[in-house]
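Colleague: Input: one structure, supplied below.
The values are calculated or read from the model by the stated rules, or taken from the named source; none is laboratory data. Predicted, not measured: the structure shown is a model, and the values here were computed from it. Positions of Cβ are generated from backbone atoms using ideal geometry, with glycine treated the same way; all protein chains shown enter the neighbour counts. The accessibility values were calculated without ligands, DNA or RNA, using every heavy atom of the protein model including side chains. Shrake-Rupley method; radii C 1.70, N 1.55, O 1.52, S 1.80 Å.
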Amino acid sequence: MTCCMSAIGLAGAIRQRKIGVGEAVDAALRAADKVQKEHNSFLAVAHDSARKRAAEIQARIDAGEDISVLAGVPIGIKDNISTLGIETTCASKMLEGYIPVFNATAVERIEQAGMIVIGKLNMDEFAMGGSSETGAFGAVRNPWDISRVAGGSSGGSAASVAARAVTVTLGSDTGGSIRQPCSFCGVTGIKPTYGAVSRYGLVAYASSLDQIGPIGADIDDCAALLQIISGSDEMDGTCVINQPFVFEDSITERLEGVKIGLPRNYFEGGIDDDVKTAVLAAAKELECAGAVIEDFDMPLMDYAIHAYYIIACAEASSNLSRYDGLKYGRRSPSAGSLSEVYRLSRSEGFGLEVKRRIMLGSFVLSSGYYDSYYKKALQTRAIIKSSYDSLFGRFDMILSPVAPTAAYKIGENIGDPLKMYMGDIYTVSVNLAGLPAVSLPCGFSEDGLPVGFQLIGSAFSEARLFRVARVYQRRTAFHKKRPGGGAA
Ligand code: GLN
């Protein structure tokens, strides 16, 4: 029964004593064990701590305490987010066996809200990738077709929601890692404005781009979770929002007065016809709901990927220098000297994609190349940000595809990094500009694979994105479809 409910619905049933917290958690643990085998979406399932927490939360609910709208709901956490006492590996051999002694702020808030962490979700190693194939513990399989990727890097977070093992999860998005796996798996996700959710306890990939966000079956669940995790935090000076988001509950049916920009050049070449058709149909649907849709040309489309990969790799090379084999993480057993500790621990601990990025990042930061690559990338980033600023003078939001294709076969692109990077063409500029975006299911490819679209807003306009996303999901049923033909 719990598997077919929304997170909000499940919490309601728990409050009304129709379902016990222990029952909900047991069902989620069983489902997590199952999808761990079938899709490799979990890296750890926390049976003991989850059952113990379930009993505590049930006792508080029984005592009449009104904890939060999602109290008692089980949740899965991407494995790059620190969970006290639960192994956090970032899907890397470098951190295998690492058990954090603290919770990330987002996890702390989830626990304060009475939610129960049931396990850690598989991903690309250190969140570097777009297919959840680069992790050291195997690829995540897409529940819609297990021969295909789940997308990445938050592949486990999206796949476990698609399989309805859990109602909600946390992912992280540096250049598309929440939105793209949501599109590939037919679920909903929010990449919050940079500075809306604390990054404390999120293992850093590219600190100026990283942001934690919610994934769920629909926008209401995602919004409920975002309200819980957002808000300032003294542990993260870049978390600038004062108060957590409060989204109004009133339901709007119409979108008169909402102006949505449609980037014409996003639909010319390089995009699969199935994706194009589904995304343009989503624009039509919003138009039928009263929104005004207007075409424009997205400036600098060809530069976003280059700027993103230079900046992301530069920051990654610096962030990952902390894994030195001494302080924490893997230490090579065969090292005989200090320099061998560094060299062998890092050679054995990191996978190919992570090494590639550390090398690229070190290169663009090195003297002689800094000005021609890194500095230019930062200048490009500033221009991208200001062109978004002027677009938001014309439009309330921008509607775009999330990825040029639906989910591809496991192994199909992994040997071609440049092709893989080009798959991020529609998502990375959002992170470069620090903007919020929601990813919503909007159709299926000819092969029956989910396709999503995104709505991109100005900084801290999550409430507006939520309102439009909600209208869209009340008019459509794509988010209710489940792998295997069922409906939620
Ligand atoms: N695919 C992008 C990358 O590999 C985005 C990853 C992410 O958002 N974590 O950098």
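Colleague: Looking only at the stretch 2-39, how many residues end up being open to solvent by 20 Å² or more (accessible area, probe 1.4 Å) and in a helix (DSSP H, G or I)?
Modeller: 17
Colleague: Within the stretch 138-183, track down each residue that is among the hydroxyl-bearing types (Ser, Thr, Tyr) and more than 12 Å from the ligand (Cβ to nearest atom).
Modeller: Matches in the stretch 138-183: 147, 160, 167, 169, 183.
Colleague: I'd like to verify a number: residues in the stretch 317-350 that are under 22 Å from residue 100 (Cα atoms) and either small (Gly, Ala, Ser) or open to solvent by less than 40 Å² (accessible area, probe 1.4 Å) (or both), how many?
Modeller: Final tally of qualifying residues: 12.
So that you can scan it fast, the table gives a plain yes or no per residue for (1) within 16 Å of the ligand (Cβ to nearest atom); (2) closer than 23 Å to residue 319 by Cβ; (3) in contact with a strand residue (DSSP E or B) (Cβ under 9 Å, 6 or more places away or on another chain); (4) of a type in the set (Ser, Thr, Tyr):
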{"residue": "398", "(1), (2), (3), (4)": "no, no, yes, no"}
{"residue": "412", "(1), (2), (3), (4)": "yes, no, yes, no"}
{"residue": "419", "(1), (2), (3), (4)": "yes, no, no, no"}
{"residue": "429", "(1), (2), (3), (4)": "yes, yes, yes, yes"}
{"residue": "439", "(1), (2), (3), (4)": "yes, no, yes, yes"}
{"residue": "446", "(1), (2), (3), (4)": "no, no, no, no"}
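Colleague: Name the residue, out of 195, 216, that is more than 15 Å from the ligand (Cβ to nearest atom), within 24 Å of residue 322 (Cβ to Cβ) and not aliphatic (A, V, I, L, M).
Modeller: 195
Colleague: Mind checking which residues of the stretch 198-209 are more than 14 Å from residue 435 (Cβ to Cβ) and within 13 Å of the ligand (Cβ to nearest atom)?
Modeller: Within the stretch 198-209, 199, 202, 203, 204, 205, 206, 207 qualify.
Colleague: May I pose another question? Report, ordered by the first and then the second residue, all pairs with beta carbons closer than 8 Å, sequence separation of six or more or different chains, a first member in the stretch 209-235 that is closer than 15 Å to residue 479 by Cα, and a second member that is aliphatic (A, V, I, L, M) and open to solvent by 20 Å² or more (accessible area, probe 1.4 Å).
Modeller: 217/488; 220/8; 221/8
Colleague: On to the next question. What is the number of the single condition among (1) of a type outside the set (Asp, Glu); (2) open to solvent by 60 Å² or more (accessible area, probe 1.4 Å); (3) in contact with a helix residue (DSSP H, G or I) (Cβ under 8 Å, 6 or more places away or on another chain) that residue 468 does not meet?
Modeller: Looking at each condition in turn, residue 468 falls short on (2).
Colleague: What single numbered condition from (1) open to solvent by less than 30 Å² (accessible area, probe 1.4 Å); (2) more than 26 Å from the chain's Cα centre (by Cα); (3) not aromatic (Phe, Trp, Tyr) fails to hold for residue 236?
Modeller: The one condition residue 236 does not meet is (2).
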